[in-house]
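Q: Right, I'll just put the structure down here and ask away after.
The values are calculated or read from the model by the stated rules, or taken from the named source; none is laboratory data. If you're wondering where the values come from, they're calculated on a predicted model, not measured in any experiment. Positions of Cβ are backbone-derived with ideal geometry, glycine not excepted, and every protein chain shown enters the neighbour counts.
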């Protein structure tokens with residue numbers, strides 16, 4: 001169950017970084033809504049990470065959490081913010097995914 005909590009925490013990390021990206025492209029009330037989404041997602045991510053690390057190894061949990069955030073944010077950047085999706089960028093995204101899977105499979 002704590003692995004599921006950790007994955008959800010990582011998805012909230014993607015949400016808070018994406019909210020910052022959207023906030024900088026908007027103005028007025030919409031900008032403040034995106035900043036509110038940032039704060040909510042940040043708090044949710046940290047609380048869920050804290051819960052997951054109560055039973056999972058700290059180093060593994062943190063690496064998986066940041067890995068999910070990095071991969072997810074890179075994919076959102078490509079799909080939503082029209083960032084470049086060159087060969088090397090996609091290659092290294094896949095190496096991050098492989099690393100996350102490897103860490104999860106090696107943890108006790």
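Q: Let me confirm something: among 60, 95, 55, which residue is under 23 Å from residue 3 (Cα atoms) and surrounded by 13 or more Cβ atoms within 10 Å (Cβ to Cβ)?
A: Answer to the check: 60.
Q: A further question follows. Scanning for something assigned to a helix (DSSP H, G or I), within 26 Å of residue 83 (Cβ to Cβ) and under 19 Å from the mean Cα position of the chain (by Cα), does segment 50-57 turn up at least one residue?
A: The answer is no, given that none of the residues of segment 50-57 is assigned to a helix (DSSP H, G or I), within 26 Å of residue 83 (Cβ to Cβ) and under 19 Å from the mean Cα position of the chain (by Cα).
Q: Identify all residues within segment 98-108 that are loosely packed, with under 13 Cβ neighbours inside 10 Å and in a helix (DSSP H, G or I); write none if there are none. Step through it out loud before you land on a result.
A: Taking segment 98-108 as the starting set, the residues that turn out to be loosely packed, with under 13 Cβ neighbours inside 10 Å are 98, 101-102, 105-106, 108.
98, 101, 102, 105, 106 - these are the residues of segment 98-108 that are loosely packed, with under 13 Cβ neighbours inside 10 Å and in a helix (DSSP H, G or I).
Q: Here is a follow-up. Any idea how many residues of segment 2-22 are at pLDDT below 95 and either surrounded by 20 or more Cβ atoms within 10 Å (Cβ to Cβ) or farther than 15 Å from residue 77 by Cβ (or both)?
A: Residues meeting the conditions: 2.
Q: Please find, among 68, 78, 33, the residue that is without any contact (Cβ under 8 Å) to a residue 24 or more places away in the chain and under 16 Å from the mean Cα position of the chain (by Cα).
A: Selected residue: 78, the only one of 68, 78, 33 that is without any contact (Cβ under 8 Å) to a residue 24 or more places away in the chain and under 16 Å from the mean Cα position of the chain (by Cα).
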